[in-house]
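Reading through the structure tokens given below for one structure.
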Amino acid sequence: MRDFAYARAGSAASAVAALDGPRTSVIAGGTELLNWFRLGIAAADRVVDIGGLDDLRGITSDGDELRIGALATLNEIGEHPLVTRTAGALASACLQAASAQIRNRATIGGNVLQRTRCPYFRAEEPLPWPCSKRAPGSGCASLAGRHERQAIFGWTADCVAVQPSDPAVALAALDAQAEVLGPGGPRTIPMREFHLTQQEAADLGDPARETRLGPAELITGYRIPARADEGQAYVKVRERASYEYAIVSAAAAVRSTGNRSTGNRSTGNRIAAGRVALGSVAQRPWRLDAAEAGLPGTPLTREALIPVIERALAAAAPLPQNGFKVIMARNAAVRALLLAGGAQ
Amino acid sequence: MTLDFARRVEVALRVNDRDRTTVVSPRTTLLDWLREEAGLTGAKKGCNEGACGTCTVLVDGRRMNGCLTLVVQCAGREITTVEGLAGPGGELHPVQRAFAEHDAFQCGYCTPGQLMSAVACIAEGHAGDDASVREWMSGNICRCSAYPQITAAVLAAARAPGADDGDER
């Protein structure tokens, strides 16, 4: 790791002012940044530490909305009663991410900015193969090589990587807003639009771009609508039972017509409204809008849900080695909806 | 409002109940500093990227990977390493005793991290049953695969009286 100059920010505004300077990175938990530095994915002359900013901490609720500070750690969020009660999919996603040690350091502000786990990307410099994220325009070694874990939506010939964050999938499904501070002041970004697919970035004329966050902008927190009348779930499909990235995942929130408080889980229950997002299928969480429109009135059964989800997955463009992810994503989405609806 | 960026930073922290002040380059990780400056080689460098857990130490009572933590992020913090577990007379911590009694290691390289993680796991209340221990200890890899014995040791230590009033806070 190359050395850098270090300063502790006295306020979020002072961190943003520093980020506006040359080759400056922000550090909070540091679980991603230090590995970027080691591999040569990022290099910085200056690092500004926001870890001491108490106003970026905290998990609060005003009844209608849950607010989570950017410095809340994944373990804090995953075990906080306000989150488990009103944003259960997010709590579950946080606790299924990484390891207990990493979750004590990793913050929810930094988590959504983690980069792809593509092994061609996460190699030590100098790279022996092309990677457009590491050397813009060089091409994609994964597309020409192994790509069974890569995207089924939104990829380009330049890059087929997926965004691996678990919490980001839940935030997208729950209609969360990121609160952002930049040189021009504060603004919000809907989490379902925060990340960009390779195709969306190319359409914006900046193929290397991965999020809508500006270069000198800082995530300060999230706002999540609290909906006490719905059930939620996060389903993560992976090769190991713990401490592993998802092959695919699904976050779902369901308001059902059944009365869950009486324990009535009969097959007569139907979905009144539902939202579902897939993870690790694209460079952003993938909300299944077409399926959501068809969910109201659908019985909470696997047989009834499969065709609704399959219609929304008809637009998938799997790569030669990852057609299985379409089926796995379908099953994860169905299982998440059933769990969220209390039918399983 | 303009920040002063420094290439040498003085840090005061407490390590195993002893106050220390050090001057570091900002890139110095807690793991490297413990091993090379503080003389505490219990925490091991396995993967140096947060994957193996053998560098696990407690920071203000919470378990963390020493390789993913900078010393400059530890100003004012209290660090506990495996060297800080035993009592003043050298008597083993209940978790250490349980590991010995259950033969919870082969080569021992992962053991310092397993012990620190186990102490925290028990203090967090995540050592109630086999499945919970396996889930909450998954950040510590044992390449000898002593997992059944490690799980048994953590469960036994969690049930032993006084297991959760050690150094963790």
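Quick note: the coordinates plus some simple rules give every number you see, no bench work behind them. All values derive from a computational prediction rather than experimental measurement. Reconstructed Cβ throughout: ideal geometry from the backbone, glycine too, with neighbour counts over all protein chains shown.
Largest mean-square fluctuation among A:ALA241, A:ALA316, A:ALA123, in a Gaussian network model of chain A whose springs join Cα atoms under 10 Å apart, belongs to A:ALA241.
Under the combined filter of DSSP loop state and at most 10 neighbouring Cβ atoms within 10 Å, region A:116-223 retains these GluC sites (Glu not before Pro): A:GLU124. With each label modelled as a point 7 angstrom along the Cα→C-beta vector, the B:ALA75-B:VAL23 pair spans 1.5 nm. Calculated [222 nm] ellipticity per residue, helices only, for chain A: -7500 deg cm²/dmol; basis is -39500 (n - 2.57) per DSSP H run with n ≥ 4, divided by all residues, nearest 500. To the nearest ten degrees, helix A:324-340 and the longest principal axis of the Cα atoms of chain A are 60 degrees apart.
Mean partner shielding of peptide B:67-77, defined as the number of other chain Cβ atoms within 10 Å of each residue Cβ, is 5.
Normalised by residue number, the volume inside the convex hull of the Cα atoms of region A:80-234 is 140 Å³ per residue. Can you give the Rg to Rh ratio for region B:9-83, taking only C-alpha atoms and Rh from Kirkwood? Taking Rg over the Kirkwood Rh, I get 0.91. With respect to chain A, whose longest principal axis is taken over its alpha-carbon atoms, helix A:302-312 is tilted by about 40°. Among the residues of A:239-245, the average count of other protein chain beta-carbon atoms within 10 Å of the residue beta-carbon is 3. Restricting the calculation to Cα atoms, chain B shows an Rg/Rh of 1.00 when the hydrodynamic-style radius is the Kirkwood one. In region B:94-159, the alpha-carbon atoms span a convex hull of 67 Å³ per residue. Looking at chain B alone, DSSP beta bridges between its own residues are antiparallel in about 90 percent of cases.
Taking every Cα-Cα distance in region A:1-144 and sorting them into 5 Å bins from zero, the calculated P(r) comes out as 2, 9, 16, 17, 16, 15, 13, 8, 4, 1, 0 percent. Applying 1/(1 + (r/R0)^6) with R0 = 45 Å to the Cβ-Cβ distance of B:ALA6 and B:CYS47 gives a FRET efficiency near 0.95.
In the protein assembly as shown, the DSSP beta bridges split such that about 85 percent are antiparallel, to the nearest 5.
Under 5 Å from the amide H of A:PHE153 lie the amide H atoms of A:ALA317, each residue being 5 or more positions distant or on a separate chain, with H modelled from the backbone and absent for Pro and chain starts. Of the residues B:VAL95, A:GLY51, A:GLN114, the one whose Cα sits farthest towards the positive end of the charge dipole of the protein assembly as shown is A:GLN114 (charges of +1 on Lys and Arg Cβ, -1 on Asp and Glu Cβ, taken about the Cα centre). Highest GNM mean-square fluctuation among A:LEU300, A:LEU34, A:LEU218, for chain A modelled with Cα contacts below 10 Å: A:LEU34. Taken over region A:231-340, the convex hull of the Cα atoms encloses 103 Å³ per residue. For the options B:THR54, B:THR21, B:THR151, a Gaussian network treatment of chain B with springs between C-alpha atoms closer than 10 Å singles out B:THR21 as fluctuating the most.
The trypsin sites (Lys or Arg not before Pro) of region B:1-40 that meet both conditions, a loop assignment by DSSP and at most 15 other Cβ atoms within 10 Å of the site Cβ, are B:ARG7, B:ARG8.
Computed over the Cα atoms of the protein assembly as shown, pair by distinct pair, the Kirkwood hydrodynamic radius stands at 23.9 angstrom. Taking 7 Å steps out from each Cα toward its Cβ at B:GLU37 and A:ALA293 produces label points 6.0 nm apart.
Taking R0 as 30 Å, what FRET efficiency do you get between B:ARG159 and B:ASP60 from their Cβ-Cβ distance, rounded to the nearest 0.05? Once the sixth-power term is evaluated, E becomes 0.70.
The label point for B:SER145 and the one for A:ARG146, both projected 7 Å from the Cα toward the Cβ, are 2.0 nm apart.
Computed across region A:158-268, the Kirkwood hydrodynamic radius from all distinct Cα-Cα pairs reaches 16.7 Å.
The calculated Kirkwood hydrodynamic radius for region A:270-327 is 12.2 Å, given to one decimal from all distinct C-alpha pairs.
Rounded to whole Å, give me the distance from the Cα center of region A:5-34 to that of region A:278-344. After rounding, the separation between the Cα centres reads 39 Å.
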